[in-house]
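Okay, so here's the structure we're looking at.
Just so it is clear, none of the values below were taken in a lab; they were calculated from the coordinates. Because the structure is predicted, anything quoted here is derived from the model rather than measured. Glycine also receives a Cβ, built like all others from the backbone with ideal geometry; neighbour counts cover every protein chain displayed.
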Amino acid sequence: MEFEKASEKNAWNAVAQATLAMRQDDVPHPALAAWLRQQGVDIQRSVFPCVGLFDDDVFSGTLITQSRRVVEYFIDLAAPDSSEFEDVTEGLGPKDPNHPESDVRDLITMALVYFDHQRGAAA
């Protein structure tokens, strides 16, 4: 996909790199990938704007699931039962690429663009 601005290209590349790393099982901690799978995430078909290390063995982030749902998660690997996994798709507002005020330099917006591009390429 082509973009005019370096900041747009940077966002695309960041999403592509984070997604590729997760799909190749190059994750910050193997238990993170296992936990995401337990939540029903198909890592090979999902898109990851980034994976954030919040603290030792504590991760937070947003992902686009295989069914194009936007999910925010927070997991403490020491206490996975108290983790959060919330579908926030309905409240995206300007993070939705179809919103008139969207900005593809935002990683969540770009992750949705990336997801749609991959889905279109696979069709």
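Scan the range 92-112 for residues that are among the acidic types (D, E) and either more than 16 Å from the chain's Cα centre (by Cα) or closer than 14 Å to F3 by Cβ (or both) and jot them down.
Answer for the range 92-112, where residues must be among the acidic types (D, E) and either more than 16 Å from the chain's Cα centre (by Cα) or closer than 14 Å to F3 by Cβ (or both): E101, D103, D106.
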>> I'm told M1 meets every condition in (1) of a type in the set (A, V, I, L, M); (2) in a helix (DSSP H, G or I); (3) closer than 15 Å to H117 by Cα except one. Can you identify the failing condition by its number?
In response: (2)
> Would you say V104 is part of a helix (DSSP H, G or I), touching a helix residue (DSSP H, G or I) at 6+ places or on another chain (Cβ under 7 Å), surrounded by 14 or more Cβ atoms within 10 Å (Cβ to Cβ) and not charged (D, E, K, R)?
Replying inline: no
>> Can you tell me which residue is surrounded by the most Cβ atoms within 10 Å (Cβ to Cβ) among those in the range 32-70 that are part of a helix (DSSP H, G or I) and touching a helix residue (DSSP H, G or I) at 6+ places or on another chain (Cβ under 8 Å)?
In response: L36
>> Can you say whether T19 is part of a strand (DSSP E or B) and β-branched (V, I, T), as far as the supplied structure shows?
In response: no
> Can you name the number of the only condition in (1) closer than 14 Å to L112 by Cβ; (2) in a loop (DSSP other than H, G, I, E, B); (3) of a type outside the set (V, I, T) that A11 fails?
Replying inline: (2)
> If A6 satisfies every condition in (1) surrounded by 13 or more Cβ atoms within 10 Å (Cβ to Cβ); (2) small (G, A, S); (3) out of contact with any Pro (no Cβ under 8 Å at 6 or more places or on another chain); (4) over 17 Å from R119 (Cβ atoms) but one, which is the exception?
Replying inline: (1)
